[in-house]
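Chemist: This structure is in structure tokens; I'll ask about it shortly.
A short reminder: the numbers here are calculations on the coordinates, not readings from a lab. Keep in mind that what you see is a predicted model, and the values were worked out from it rather than measured. Cβ placement follows ideal geometry from the backbone for every residue including glycine, while neighbour counts extend to all protein chains displayed.
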Amino acid sequence: MRRGVIFDLDGTLVDSDYLHVVAWWEGFRRAGRDVQMVDVHGAVGRADRALLDYLVPDATDQEIQTISDTHAERYQARLGEVRAVPGAGELLRTVAARGLEVIIATSAPKDQAERLIAITGAEDAVSVLVHAGDVERSKPDPEPVRQALEKSGLRPQDALLVGDSVWDCVAARAAKVGCVAVRSGGIDTASLTDAGAMAVYKDCQDLLSHLDDSPIGRLVQN
């Protein structure tokens with residue numbers, strides 16, 4: 001029986017969430033919109049248009065263009081500064097070595113996702129990538145998780161999702177996939193648990209240190 005783990009990317013495997021926050025915030029400022037960083041942070045994890053619809057639902061097309069262009073420009077300028085979350089590469093390789101499929105499901109575009117995966121140093125462990133171009137709706141909609149299951153040939157009960165945001169947990173629950181959460185994206189344990197996380201760890205290194213006793217360890221044993 002094939003089993004697998006679906007990993008979110010930004011904030012889960014690479015330490016990029018706060019770069020996104022600043023880039024979006026600068027976009028809002030350029031468009032003359034007063035959006036607090038704390039609100040931007042809470043929306044990170046959604047696809048670009050979904051984030052904008054959530055934060056500025058009344059924005060004009062011109063404002064949307066200005067905000068989006070600024071975010072892309074500012075984030076791209078800082079992409080070289082992104083580092084892997086501690087333990088990310090080793091966690092991916094360990095999960096693969098234990099016979100589980102390693103799947104990435106991200107709202108990032110394909111070229112950016114591939115570059116971020118390479119930062120972990122474990123791109124050879126990844127068997128399936130679901131990126132922004134593969135889906136019409138982003139998390140918290142379950143479509144990215146369901147697409148990951150379909151592309152990997154896994155049943156919901158034979159998979160887990162590892163993510164850092166409330167949106168990851170909500171999407172996993174809607175797809176009937178168990179969710180393991182990490183706090184490396186800046187979301188607190190209570191919020192992640194309330195959203196449906198089965199277990200919460202500090203980061204990939206912490207999850208790796210407790211892997212045998214984690215939901216991933218139990219998935220291997222079942």
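Chemist: How large is ³J(HN,Hα), in whole Hz, for each residue of the stretch 130-135 in order, when computed from phi with the Karplus curve 6.51 cos²θ - 1.76 cosθ + 1.60 and θ = phi - 60°, using x for Gly and Pro?
Modeler: 10, 10, 4, x, 8, 9
Chemist: Would you kindly derive the ³J(HN,Hα) couplings of the stretch 190-201 from the backbone phi angles with the Karplus curve 6.51 cos²θ - 1.76 cosθ + 1.60 (θ = phi - 60°), listing them in order in whole Hz, with x for Gly and Pro?
Modeler: 4, 5, 5, 5, 4, 7, x, 5, 6, 7, 10, 10
Chemist: Follow-up. Which one, Ala197, Ala47, Ala59, has the greatest fluctuation when you compute a Gaussian network model over the chain with C-alpha springs under 10 angstrom?
Modeler: Ala59
Chemist: Please express the shape of the stretch 138-222 as an equivalent ellipsoid: the semi-axes are the square roots of 5 times the eigenvalues of the C-alpha gyration tensor, given largest first in whole angstrom. Mind showing how you got there, number by number?
Modeler: Details: eigenvalues 73, 57, 18 Å².
Each semi-axis is the square root of five times an eigenvalue, giving 19, 17, 10 Å.
Chemist: Once you have the Kirkwood Rh of the stretch 56-187 from its Cα pairs, apply Stokes-Einstein at 25 °C and 0.890 mPa s and quote D in µm²/s. Could the numbers behind the result be given before it?
Modeler: Details: Rh = 16.0 Å.
Estimated via Stokes-Einstein, D reaches 153 µm²/s.
Chemist: Sticking with this one: Two decimals is fine: what's Rg over Rh for the stretch 109-150, C-alpha atoms, Kirkwood radius as Rh?
Modeler: Numbers: Rg = 11.0 Å, Rh = 11.1 Å.
Taking Rh as the inverse mean 1/r over Cα pairs, Rg/Rh reads 1.00.
Chemist: So if I take the centroid of the Cα atoms in the stretch 28-57 and the same for the stretch 156-213, what is the distance between those two points in Å?
Modeler: Result: 23 Å between the Cα centres.
Chemist: Rounded to two decimals, what is Rg over Rh for the stretch 17-81 when you use alpha-carbon atoms and the Kirkwood radius? Walk me through the intermediate numbers first.
Modeler: Details: Rg = 10.6 Å, Rh = 11.4 Å.
Rounded to two decimals, Rg/Rh equals 0.92.
Chemist: Same structure again: Sequence-distant or interchain residues sharing an amide H contact under 5 Å with Ala199, placed H: which?
Modeler: Under 5 Å from the amide H of Ala199 lie the amide H atoms of Ala181, each far enough along the sequence or on another chain.
Chemist: Residues of the stretch 75-113 with amide nitrogen under 18 Å from the 7 Å Cα-to-Cβ point of Gln221?
Modeler: Only 95, 98-100 fall inside the zone, counting backbone N under 18 Å.
Chemist: Another question, if that's okay. One quarter of the convex hull surface, Cα atoms only: what value does that give for the chain in nm²? Don't jump to the answer; show the numbers that get you there.
Modeler: Numbers: hull surface 43.8 nm².
That works out to 10.9 nm², a quarter of the Cα hull's surface.
Chemist: Something else about it: Need the list of lysines near Lys151 for cross-linking: C-alpha distance under 16 angstrom, and skip anything on the same chain fewer than eight residues off.
Modeler: Output for Lys151: Lys110.
Chemist: Taking every pair of Cα atoms in the stretch 77-121, average 1/r, invert it to obtain the Kirkwood radius, and report Rg/Rh to two decimals.
Modeler: On the way: Rg = 11.6 Å, Rh = 11.6 Å.
Looking at the stretch 77-121, the ratio lands at 1.00.
Chemist: Is there a quick way to get the dipole size of the chain? I mean about its Cα centre, with the Cβ of Lys and Arg at +1 and of Asp and Glu at -1; what is the value in debye to the nearest 20? Don't skip to the answer; put the middle values down first.
Modeler: Numbers: 24 positive and 35 negative charges, 118 e Å.
The calculated dipole for the chain is roughly 560 debye.
Chemist: Could you work out the relative contact order of the chain, using alpha carbon pairs under 8 angstrom and six or more residues apart, expressed as a whole percent?
Modeler: On the way: 413 pairs, mean separation 56.2, N = 222.
Relative contact order here is 25 percent.
Chemist: OK, next. For Leu161, enumerate residues with amide H under 5 Å from its amide H, sequence gap 5+ or separate chain, H modeled in the peptide plane.
Modeler: Ile6, Gly178, Cys179, Val180
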